[in-house]
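Here the structure is laid out as structure tokens; the discussion comes afterwards.
Values in this text are rule-based calculations from the coordinates and carry no lab data. None of the values given here were measured: they were computed from a predicted structure. Cβ: placed from backbone, ideal geometry, glycine included. Neighbour counts: every protein chain shown.
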Amino acid sequence: MSSSTDADEKKKESFNAEAASLLVNNLRATFASGTTRSYEWRASQLKALIKLCDAHEQQIIDALYSDLAKPPLETVAYEIAMFKNSCKAALKELKRWMTSEKVKTSIATFPSTAEIVSEPLGVVLVISAWNYPFLLSLEPVIGAIAAGNALVLKPSEIAPATSSLLAKLLGEYLDNSCTRVVEGAVDETSALLQQKWDKIFYTGNGRVGRIVMAAAAKHLTPVVLELGGKSPVVVDSNIDLKVATRRIIAGKWGCNNGQACVSPDYIITTKDYAPKLVDSLKAELEKFYGKNPLESKDLSRIVNSNHFGRLTKFLDDEKVSGKIVFGGEKDESKLRISPTILLDIPRNSLIMREEIFGPLLPIITVDKLEESFDVINSGTKPLAAYLFTTNNKLKEQFVMNISAGGLVVNDTALHLAVNTLPFGGVGESGVGAYHGKFSFDAFSHKKAVLYRSFLGDAPVRYPPYTNIKMRLLKALVGGGLLGIIRALFGLS
Amino acid sequence: MEINGEFLEESVRELRQYFRSGSTRSVTWRKNQLTALLDLVHKNEDAISESLYQDLGKHPVEAFRDEIGAIGKSATYSLSCSDIPLLFFPAKGEVLAEPLVLALDPLIGAIAAGNVVVIKPSEQAPACSSFLANTIPRYLDSNAIRVIEGGAAVSQQLLLQKWDKIFFTGSPRVARFVMSAAAKNLTPVTLELGGKCPAILDSLTNPSDFKLAVKRIVGGKWGPCSGQACIGIDYVLVEEKVSSHLVELLKKIVRRFYGDNPLESKVISRIVNKQNFTRLCNLLKDPLVAASIVHGGSVEEKHLFIEPTILLDPPLDADVMTEEIFGPLLPIITVNKIGESIEFINSRPKPLAIYAFTKDETLKRRILTETSSGSVTFNDTMVQFLCDTLPFGGVGQSGFGRYHGKYSFDTFSHEKAVMHRSLCLEIEPRYPPWSKFKLEFLRLAYKLNYFGLLLHILGLKRYK
């Protein structure tokens, strides 16, 4: 037993700042050699990722089941299928993304032509999260590779089975001279963060997000931070309640049992409508998960005892005792908490102060639905906000007045799947965006290029400066042809 | 008035309240502000020129070309593009050697995007800073746009506040402080920094082309604020065999532009302050560097004046070749073959701009694909600044983020994703309880295999 511990210690010891530095230098040398630049290389890597999914689907399902008890259907639908689709879309668009964009020039720089060229940033770091450990590790990797970078992926140690599967599979399928996986926890991440990267892409929480950005600041490294927040659901009364309820359930408990960055966090509805909503939720929840949801195989478990403790504290808060109208059952040995609804909780309760990230759904009631906007705006900007209504005016006001990463009207979470929409936060919910072309752009530098010729040199630019030159320059920069003519003839 | 933490907190609170009132959201308000800004610039041209002359000894034509005209053009361009707003932030900027345009250009973007703004102009250009502090409140809505003057202490206080965006123009050293402070609140930043912008001069066979190239190099070195510009040429790379011809031409053109006594010519800016003057003089004190001077080198401390100075092959490890010069010293670095310039540039931090004078299409291609910089301009210098359709910003040590034209608007906006769904048309397989049927359905749906889906629904497809 001691020998395996020694081996483990050695393994842990070996990845320190020195090892990290060596790794980055190796990747920089490979990047400088130009390997990652060609379309062929990038396409081959994306194709390899698709093959990886096809050949190892069961292993991926098993790893996610081990880490989260994630139902196989959720893994297939939300992790594997979504990822494969992103890969295929990237492959299809890659040539177009790589083509430079011609832009117009004005009379101020006449004669000239101009374009914007996308080039890779260099060597990038992707730090992933535990809740969708497969998708959230590899989706940014698509962008990094499509944009032609070398990269290091640091999967979350809180999902260890997926982390080691990723290390193994990426090692087998991708070009190791350009793409590497570093497993580990705080020490390894700190060692990585000390290095100089050309971009850091982090998915996780605000506390660590600040640490990542502070580390990046030392090297002036740009970052994308995909964080979270309390994504509210505003529920109006004149809606198809059954459909709305099922969509709320799908977005809440159907997404890793509430442990998703875009899961509905809490509901706001009117005092009058709340009882109807609660009844509908109870009815549909039973249809989905049966009479004993604690045992349902269609729900993920809580990821670990840390988070289990965090969630039970919310329920133990004396401000919410007596407010549980459904669920509230727990099984610590299996790390399970049943779908739980709390009604009419005070705004200053513990559960309303931080992102829940679990299967507890508080309902806040207001007199008039318009008050919900104030409730939302009094908190920090969330990653997503949802509204169920058929009232067009309310929809307009919602879109205009609620600041969040993304908004969905009459559904939840789905905007993730639309790769023409940028996916990212604002304020506390994050910086930057990705998905689709936004991923490519996130990992690219858009270089401005101006082509001038040796013809057409305007003496007005150069000293000695005279009044005539001043007049001409005003006309030229001001951009009017008439003005230029007048200046030339001394008429201005 | 004392600018302390309390005053700033109160100011920020007032600005946020005004923002929440929604006044800055309307297209009318934004257009009014931009028009007022144009008015400010047009009606105060003389005062602006005077301030720039006081701070930097800048000639009015240079002031117009690089600052007044540029701002006027940017504001006019923004006014002509009516965009629908998305989401908004307060912003802040710090400025150095193009004190006016670098304070006001980002301001245009911030206003166009509907934000409330605090501007912190550079204390190193005090006349311009005062001008902005006194004039902006007279033209713009001071509920939304404030100017706060001061030095490092005030900047530090400002950085303690929570902003929705910080826009910084300046040096990498200060940028690190700004970004670290921003990290505490997860505030996104745009950093417009500098670098050693090289000019690659290929051997051009047509002598008049070569002459024109050198003329543009002179214009791009000493024209902007006597070399104190982030996109000014820092050094030149040229093949050994044409280096002496280059030096001769440079001397000739410098004499033509600035006269035999540049100090008296009044067409060249002076050094911004004592600190930078001393820094530049120290660069020349290194004996090996001093030995490489082929033109100029004289300094006049009273007027903070340094004459246009040309160095031929100074030692590569001297400060003059390892830090951004930001002054009127022009090193010429000779190489055997011009293609070696690429490796030279790549072994140094990524600059804000690369200039290349060449007609060789292969070399152009190589420069584009093998080097990395904020921008590349072929056969000219500086003018990319005027092109509003090109993003202006750096990469690596020269910064990140970009502005100008619509990019300014985007820099100060949040692009919010909005998805509308209808409540009809339900797809059952989205919901638990899960089954093999639903799994297969979703598989086929993701593959967009509509025919397969149809068969599946009709029960005609076999699945595992």
Search the structure for amide H atoms under 5 Å from the amide H of A:VAL234, placed 1.01 Å from N in the peptide plane, and list their residues when 5 or more places away or on another chain.
A:ILE268, A:TYR386, A:LEU387, A:PHE388
Proximal charge balance of B:SER203 [Cβ under 12 Å; K/R count +1, D/E count -1]:
-2
With r defined as the distance between the Cβ atoms of B:ARG366 and B:ASP260 and R0 fixed at 41 Å, what FRET efficiency is calculated, to the nearest 0.05?
0.50
Along the stretch A:21-27, Karplus-curve 3J(HN,Hα) (6.51, -1.76, 1.60; θ = phi - 60°) to the nearest Hz, with x for Gly and Pro, reads 4, 4, 4, 4, 4, 4, 5
Could I have the simple spin-label model distance between B:ASN282 and A:ASN306, label points 7 Å from Cα toward Cβ, reported in nm to one decimal?
4.7
Pick out, from B:LEU288, B:LEU204, B:ALA445, the residue whose Cα sits farthest towards the positive end of the charge dipole of chain B, with +1 on the Cβ of Lys and Arg and -1 on the Cβ of Asp and Glu.
B:ALA445
Taking r as the C-beta separation of B:THR205 and B:GLN156 and R0 as 41 Å, the FRET efficiency to the nearest 0.05 is 0.15
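At most 10 other Cβ atoms within 10 Å and a DSSP loop assignment: could you name the trypsin sites (Lys or Arg not before Pro) in the stretch A:312-374 that fit?
Values: sites: A:LYS313, A:LYS319, A:LYS323, A:LYS330, A:LYS334, A:ARG336, A:ARG347, A:ARG353, A:LYS368; in loops: A:LYS323, A:ARG347, A:ARG353, A:LYS368.
Filter output for the stretch A:312-374: A:LYS368.
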How many nm separate the modelled label positions at B:ASN143 and A:LEU22, each set 7 Å beyond the Cα in the direction of the Cβ?
6.3
Using 1/(1 + (r/R0)^6) with R0 = 25 angstrom and r between the beta carbons of A:LYS242 and A:ASN401, what's the FRET efficiency to the nearest 0.05?
0.30
Counting only C-alpha contacts under 8 Å and six or more residues apart, can you give the relative contact order of the stretch B:349-419 as a whole percent?
31
Residues whose placed amide H lies under 5 Å from that of A:LEU151, excluding near-sequence neighbours:
A:VAL124, A:THR179, A:ARG180
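Size of the dipole of chain B about the Cα centre, Lys and Arg at +1 and Asp and Glu at -1 on the beta carbon, nothing else charged, in debye to 20? Provide the component values of the computation, followed by the final result.
Working: 54 positive and 51 negative charges, 449 e Å.
For this selection, approximately 2160 debye.
Relative to the compact-globule scaling 2.2 N^0.38 Å, provide the ratio for the alpha-carbon radius of gyration of the protein assembly as shown.
Numbers: Rg = 30.3 Å, N = 956, 2.2 N^0.38 = 29.9 Å.
Its radius of gyration relative to the 2.2 N^0.38 Å reference: 1.01.
Defining a contact as two alpha carbons under 8 Å apart and six or more residues distant in sequence, what relative contact order in percent does the stretch A:30-109 show? Each step should come with its number before you reach the end.
On the way: 27 pairs, mean separation 28.4, N = 80.
Once divided by the residue count of the stretch A:30-109, the mean separation gives 35 percent.
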Which of the listed residues, B:ILE333, A:ASN467, B:ALA417, is farthest toward the dipole's positive end in the protein assembly as shown, when Lys, Arg count +1 and Asp, Glu count -1 at the beta-carbon?
B:ALA417
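Are there trypsin sites (Lys or Arg not before Pro) in the stretch B:314-375 that DSSP puts in a loop and that have at most 11 other Cβ atoms within 10 Å, and which ones?
Working: sites: B:LYS337, B:LYS359, B:LYS364, B:ARG365, B:ARG366; in loops: B:LYS337, B:LYS359.
Here the sparse-neighbourhood loop sites are B:LYS337.
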Report the label-to-label distance for A:LYS319 and B:TRP29 in nanometres (one decimal), using points 7 Å from each Cα along the Cα→Cβ vector.
3.2
For chain B, calculate the relative contact order in percent as a whole number, restricting contacts to Cα pairs under 8 Å that are 6 or more residues apart.
16
Checked against the positive end of the charge dipole of the stretch B:174-330 (+1 on Cβ of Lys and Arg, -1 on Cβ of Asp and Glu, about the Cα centre), the farthest of B:ALA181, B:VAL236, B:GLY297 is B:ALA181
Please get the size of the charge dipole for the protein assembly as shown, origin at its Cα centre, with Cβ charges of +1 on Lys and Arg and -1 on Asp and Glu, quoted in debye to the nearest 20.
1940
Net dipole in debye of chain A [+1 Lys, Arg Cβ; -1 Asp, Glu Cβ; about Cα centre; nearest 20]:
2040
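Report the trypsin sites (Lys or Arg not before Pro) located in the stretch A:27-78 that are in a DSSP loop and have at most 13 other Cβ atoms inside 10 Å of their Cβ, or state none. List each step's numbers first, then the result.
Values: sites: A:ARG28, A:ARG37, A:ARG42, A:LYS47, A:LYS51; in loops: none.
Qualifying residues, ordered by number: none.
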